[in-house]
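J.: Just passing along the structure, written as structure tokens.
The values are calculated or read from the model by the stated rules, or taken from the named source; none is laboratory data. Predicted model only: the values in this text are computed from it and were never measured. No Cβ is skipped: glycine too gets one built from the backbone with ideal geometry, and neighbour counts run over all protein chains shown.
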């Protein structure tokens with residue numbers, strides 16, 4: 001038994017603690033393939049300080065440049081006070097936002113931690129501040145200062161430049177995805193009208209705020225022009241779409257994108273139900289009112305408390321410490337403004353009521369179908385034979401919840417290999433039997449009449465919405481052949497048709513597995529393309545043994561452990577801005593037509609197996 005004495009107690013330096021426990025500060029590490037990977041949190045922490053300056057009325061433009069691994073953010077605010085530059089980026093809990101009398105009570109970066117975490121987790125970190133014709137530079141590596149200049153004269157306008165390169169020993173094989181960064185930049189300008197962001201030269205600007213967000217991100221057709229209303233501290237935009245299933249929310253607190261919601265989002269969902277019920281004088285079911293709704297909400301909360309340093313879920317219950325509750329405030333604002341709008345726009349009110357009645361009819365039809373398939377529903381609820389579950393889930397409070405993943409595999413062979421090699425704490429496995437149905441032209445009843453889909457929906461726990469999602473990463477793991485690609489498309493069609501928020505939320509990935517194993521007696525290399533195979537053959541020299549993996553079932557559990565462990569390669573499924581889901585699914589999964597035939601013909605290529613002597 002180990003001894004516990006005075007010399008067992010260790011005090012870490014601030015940077016050592018951040019590097020030892022990065023999850024406490026940025027959620028998770030990752031390689032950049034997921035929207036919530038650590039490198040984007042690092043970028044956001046720096047951006048938040050620049051946004052706070054804009055919100056105070058200083059600096060209307062922020063320039064963001066990402067070249068290879070290096071990220072640079074230049075704002076034109078007041079600049080960090082020059083004598084405090086080093087302390088502000090290297091002393092924990094140091095900053096200018098702790099004074100109760102300060103104008104920063106609804107700022108984003110309130111903890112005095114963020115930029116220090118960026119410093120500690122970067123192999124190179126630099127800060128330069130310009131204040132009233134003078135400047136100072138400091139450079140760091142892994143949180144340790146490597147150089148510092150004296151305060152010097154400068155002709156540059158006031159502001160701050162922060163540059164950093166994430167440490168690739170922590171963020172292994174990381175790479176930046178422009179789609180995730182652009183989404184972040186758009187959200188900043190939607191929430192801060194008048195702000196211009198230049199990302200690698202591309203301009204981001206929003207004239208109408210949340211209204212632009214709604215119009216630019218809605219899937220399907222809007223049934224009526226978006227309703228856009230605001231009070232001093234709360235703004236919202238909402239509309240119903242012709243999409244048949246689900247509800248979608250873009251929620252923000254003090255310009256922070258709360259992707260996991262919180263009291264403000266919960267209160268808004270309750271408020272719209274109450275307001276519509278009161279207006280129509282009908283006790284409609286909440287799910288019928290909210291079905292097919294898309295909304296954007298933004299609230300300003302004094303000294304907001306979030307449930308983690310990454311600030312993705314609001315923890316505050318009150319608008320101000322000890323003041324009015326967020327629930328009561330949001331209910332009051334929505335009831336007052338939305339009720340007035342409905343009375344002044346009776347045509348829109350009629351359209352909304354018709355949509356609610358349609359949703360009610362569809363819900364009751366599905367309820368009858370579920371009654372008619374009681375045996376299947378009983379089987380789903382009692383035992384999910386397709387699922388080999390993990391211990392930690394996304395909808396828990398476990399510190400490792402973001403690592404929670406589920407692999408959707410084809411057949412028992414592949415699922416067996418993954419099951420034997422997985423981390424049972426965070427990795428679950430769901431096994432499909434053959435190809436699932438093409439759900440493009442089917443109604444939601446297919447979920448309750450088809451065992452595979454019923455079990456998959458139950459495993460993910462998303463029948464009632466994304467709030468109960470059990471896995472942060474839904475990973476499609478199929479063979480890299482034609483059949484495997486087809487199964488990928490069928491699964492993506494299922495998700496896009498009935499659960500599009502699963503993909504919009506950045507939860508769906510394709511597992512990249514090697515096509516070849518190249519080895520000699522000294523070394524084994526796994527290759528993900530023909531080019532990598534050729535490079536491996538050249539590196540090993542001689543005549544190495546080359547194995548072509550035709551399916552996941554051919555990869556042994558011992559080898560699979562390498563591919564789904566720390567070095568896992570995931571390709572995110574990303575919907576490009578402005579994608580029309582109906583047209584997308586019609587083209588790829590609908591009836592064959594001349595346009596699709598021509599599309600295939602133009603992309604045909606001849607594959608010839610190499611001739612071996």
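J.: Going by what's in this entry, would residue 324 be described as at pLDDT below 95, under 24 Å from residue 253 (Cα atoms) and touching a helix residue (DSSP H, G or I) at 6+ places or on another chain (Cβ under 8 Å)?
T.: no
J.: Within segment 270-291, can you find the residues that are buried (at least 21 other Cβ atoms within 10 Å of the Cβ) and not in a helix (DSSP H, G or I)?
T.: Once the filter is applied, which keeps residues that are buried (at least 21 other Cβ atoms within 10 Å of the Cβ) and not in a helix (DSSP H, G or I), segment 270-291 yields only 291.
J.: For segment 332-341, state whether one or more residues are in the same structural domain as residue 264 (by TED's automatic domain parsing), surrounded by 21 or more Cβ atoms within 10 Å (Cβ to Cβ) and either more than 24 Å from residue 219 (Cβ to Cβ) or modelled with pLDDT under 95 (or both).
T.: yes
J.: Got at least one residue in segment 486-495 being in contact (Cβ under 8 Å) with a residue 40 or more places away in the chain and touching a strand residue (DSSP E or B) at 6+ places or on another chain (Cβ under 7 Å)?
T.: Yes - at least one qualifying residue is present in segment 486-495.
J.: Provide a single number: the residues in segment 90-119 that are within 23 Å of residue 32 (Cβ to Cβ) and either at pLDDT 65 or above or exposed (fewer than 15 other Cβ atoms within 10 Å of the Cβ) (or both).
T.: The number of residues fulfilling the criteria is 7.
J.: Residues in segment 542-578 that are loosely packed, with under 15 Cβ neighbours inside 10 Å and out of contact with any strand residue (DSSP E or B) (no Cβ under 8 Å at 6 or more places or on another chain): how many?
T.: Final tally of qualifying residues: 12.
J.: Is it true that residue 123 is touching a residue at least 24 places away in the same chain (Cβ under 8 Å) and either within 20 Å of residue 70 (Cβ to Cβ) or surrounded by 15 or more Cβ atoms within 10 Å (Cβ to Cβ) (or both)?
T.: In short, yes.
J.: For the structure I just gave you, tell me whether residue 539 is outside the structural domain of residue 487 (by TED's automatic domain parsing), part of a helix (DSSP H, G or I), in contact with a strand residue (DSSP E or B) (Cβ under 9 Å, 6 or more places away or on another chain) and loosely packed, with under 15 Cβ neighbours inside 10 Å.
T.: For residue 539, the condition - outside the structural domain of residue 487 (by TED's automatic domain parsing), part of a helix (DSSP H, G or I), in contact with a strand residue (DSSP E or B) (Cβ under 9 Å, 6 or more places away or on another chain) and loosely packed, with under 15 Cβ neighbours inside 10 Å - is met.
J.: Please note which strands (runs of 3 or more DSSP E) are completely contained in segment 175-255 and include at least 2 residues that are under 22 Å from residue 45 (Cα atoms) and touching a helix residue (DSSP H, G or I) at 6+ places or on another chain (Cβ under 6 Å).
T.: Output list reads 196-199, 248-253.
J.: Another question, then. One residue is enough: does segment 514-523 have a residue meeting the conditions farther than 30 Å from residue 187 by Cβ, touching a residue at least 12 places away in the same chain (Cβ under 8 Å), in contact with a strand residue (DSSP E or B) (Cβ under 9 Å, 6 or more places away or on another chain) and surrounded by fewer than 17 Cβ atoms within 10 Å (Cβ to Cβ)?
T.: yes
J.: Within segment 444-525, which strands (runs of 3 or more DSSP E) (wholly inside it) include 3 or more residues that are in contact with a helix residue (DSSP H, G or I) (Cβ under 8 Å, 6 or more places away or on another chain) and more than 26 Å from residue 395 (Cα to Cα)?
T.: So the answer is 516-519.
J.: With respect to residue 431, determine if the residue is without any contact (Cβ under 8 Å) to a residue 60 or more places away in the chain, in a strand (DSSP E or B) and in the same structural domain as residue 450 (by TED's automatic domain parsing).
T.: Considered against the rule, which asks whether it is without any contact (Cβ under 8 Å) to a residue 60 or more places away in the chain, in a strand (DSSP E or B) and in the same structural domain as residue 450 (by TED's automatic domain parsing), residue 431 comes out as yes.
J.: Quick one: which of 187, 155, 192 is exposed (fewer than 15 other Cβ atoms within 10 Å of the Cβ), over 16 Å from residue 85 (Cα atoms) and not assigned by TED's automatic domain parsing to the domain that holds residue 568?
T.: 155
J.: Run residue 81 past the list (1) modelled with pLDDT under 95; (2) buried (at least 16 other Cβ atoms within 10 Å of the Cβ); (3) farther than 27 Å from residue 298 by Cα and report the number of the one that doesn't hold.
T.: Only one criterion is unmet by residue 81, namely (2).
J.: Taking residue 389 and the conditions (1) outside the structural domain of residue 252 (by TED's automatic domain parsing); (2) surrounded by 17 or more Cβ atoms within 10 Å (Cβ to Cβ); (3) at pLDDT 80 or above, which numbered condition does it fall short on, given that it satisfies the others?
T.: Going through the list (1) outside the structural domain of residue 252 (by TED's automatic domain parsing); (2) surrounded by 17 or more Cβ atoms within 10 Å (Cβ to Cβ); (3) at pLDDT 80 or above, residue 389 breaks only (2).
J.: Can you tell me which residue is modelled with the highest pLDDT among those in segment 256-269 that are assigned to a loop (DSSP other than H, G, I, E, B) and at negative phi?
T.: This residue is 258.
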